[in-house]
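Peer 1: Below is one structure. I have some questions about it.
Derivation of every value follows stated rules applied to the coordinates shown; laboratory data play no part. Since the structure is predicted, the reported quantities are computational estimates derived from the model, not experimental observations. Reconstructed Cβ throughout: ideal geometry from the backbone, glycine too, with neighbour counts over all protein chains shown.
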Amino acid sequence: MQKFNGLKKQMKKNGGFSLVELIIVIAILAVIAAIAVPNVLGALEKSKITRDISNAATIGHAVEELAADAAVDGVILTVGAGTAPDAVTYTDGAGTAHTIVDKFNGPIPTPSSDRYQGAFTVEILTAASGDNPEGSVVVTANSLEVYPNPAQ
């Protein structure tokens, strides 16, 4: 207890921290911030890319499901390159229109990362292309394939 009383008296006598002590603390905080901020920003961008890949997979699965539904109804669903996801539609024999919008509980997502800027587009391949066989669904954004083989 005696030590604390002595320290308290000394702090009152000296009047607090010196300017040099404050500058050292500020410099240490600045170095920590300089290291942490780029890492946090990089992690945020990586999480946006992961979300974009997940959203593209969801769109791709919805188009695949719609194509399967169309096949059950006797309709071959064709989707050309660069088609907006909400434009993918078919009409069944009863005259009812079906779209992938029906498969979502909200609006169709758009890319949020710097890598996949713009909007998602879909295509059902009419011929094999790269790793993708004929009839597979490809989702792209910013001219990069996002689903099924995300551009690295």
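Peer 1: Run lengths n ≥ 4 of DSSP H only: what is the helix-derived mean residue ellipticity at 222 nm for the chain, with -39500 (n - 2.57) per run over all residues, to the nearest 500? Please list the in-between numbers first.
Peer 2: Values: 2 runs with 67 residues, N = 152.
Theoretical 222 nm ellipticity from helices: -16000 deg cm²/dmol.
Peer 1: In the Gaussian network model of the chain, springs joining C-alpha atoms below 10 Å, which of E45, E21, E65 carries the largest mean-square fluctuation?
Peer 2: E21
Peer 1: In nm², what is the average projected area of the convex hull enclosing the Cα atoms of segment 13-147?
Peer 2: On the way: hull surface 50.5 nm².
Value for segment 13-147: 12.6 nm².
Peer 1: Using only the alpha carbon atoms of segment 18-85, find the Kirkwood hydrodynamic radius as the inverse mean reciprocal pair distance, in angstroms to one decimal. Don't skip to the answer; put the middle values down first.
Peer 2: Numbers: mean 1/r = 0.0603 Å⁻¹.
Hydrodynamic radius (Kirkwood, Cα pairs) of segment 18-85 is 16.6 Å.
Peer 1: I would also like to ask the following. Towards the positive end of the charge dipole of the chain, with charges on Cβ (+1 Lys, Arg; -1 Asp, Glu), say which of V79, A127, V101 has the farthest Cα.
Peer 2: The residue sitting farthest along the positive end of the dipole is V101.
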